[in-house]
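K.L.:
Starting off with a structure, shown below.
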């Protein structure tokens, strides 16, 4: 048993949720299959993990039921945290965002069975770097919704701020 239950349980939850996200690879195609590649537990007190999934999307539109579908594959790393009603987007969790910010500034990593998530240092002000790396405070997080390809967060630690892509 892993953090969010069995892979089958998580696949069922993701199948209903992923197509509703603004960053889903193709809203005009049907989600035919989800394969979990790896689950990377984040080193936090709040239960959180990156789930690496391969998605198979059919080329037919949602309204077309033609049997001549061709498939396209997409790999995603989906950050999730646990709440009472199941897994949710971890971009809403200040603790997860704090870890991601520190990982982005320091190159910290978390490992799964087959994959590794490594923070890639970003250019940020010295004030943000020093504040985020040494801070035990919870960051203030504001998702920026104009970017549709991924999740971009405006993160503030004290008086310093940066935008972090997840």
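The values are calculated or read from the model by the stated rules, or taken from the named source; none is laboratory data. Quantities reported herein were computed from a predicted structural model and do not represent experimental measurements. Ideal geometry is used to build each Cβ from the backbone, glycine not excepted, and the neighbour counts take in all protein chains shown.
K.L.:
Within the stretch 80-117, track down each residue that is without any contact (Cβ under 8 Å) to a residue 40 or more places away in the chain and more than 24 Å from residue 11 (Cα to Cα).
P.N.:
102, 103, 105, 106, 107, 108, 109
K.L.:
Okay, next question. Do you know which residues across the stretch 1-45 are over 27 Å from residue 109 (Cα atoms) and in contact with a helix residue (DSSP H, G or I) (Cβ under 6 Å, 6 or more places away or on another chain)?
P.N.:
Of everything in the stretch 1-45, just one residue is over 27 Å from residue 109 (Cα atoms) and in contact with a helix residue (DSSP H, G or I) (Cβ under 6 Å, 6 or more places away or on another chain), namely 31.
K.L.:
Have a look at 53, 96 and point out the one that is touching a helix residue (DSSP H, G or I) at 6+ places or on another chain (Cβ under 8 Å), modelled with pLDDT of 80 or more and assigned by TED's automatic domain parsing to the domain that holds residue 113.
P.N.:
96
K.L.:
Considering only residues of the stretch 104-120 that are in a strand (DSSP E or B) and surrounded by 15 or more Cβ atoms within 10 Å (Cβ to Cβ), which is modelled with the lowest pLDDT?
P.N.:
Residue satisfying both the conditions and the ranking: 117.
K.L.:
Read through the list (1) assigned by TED's automatic domain parsing to the domain that holds residue 14; (2) modelled with pLDDT of 65 or more; (3) surrounded by fewer than 15 Cβ atoms within 10 Å (Cβ to Cβ), then give the number of the only condition that residue 82 fails.
P.N.:
Evaluating residue 82 over (1) assigned by TED's automatic domain parsing to the domain that holds residue 14; (2) modelled with pLDDT of 65 or more; (3) surrounded by fewer than 15 Cβ atoms within 10 Å (Cβ to Cβ) leaves (3) as the failure.
K.L.:
What number of residues within the stretch 12-37 satisfy the criterion of being without any contact (Cβ under 8 Å) to a residue 60 or more places away in the chain and part of a loop (DSSP other than H, G, I, E, B)?
P.N.:
Final tally of qualifying residues: 5.
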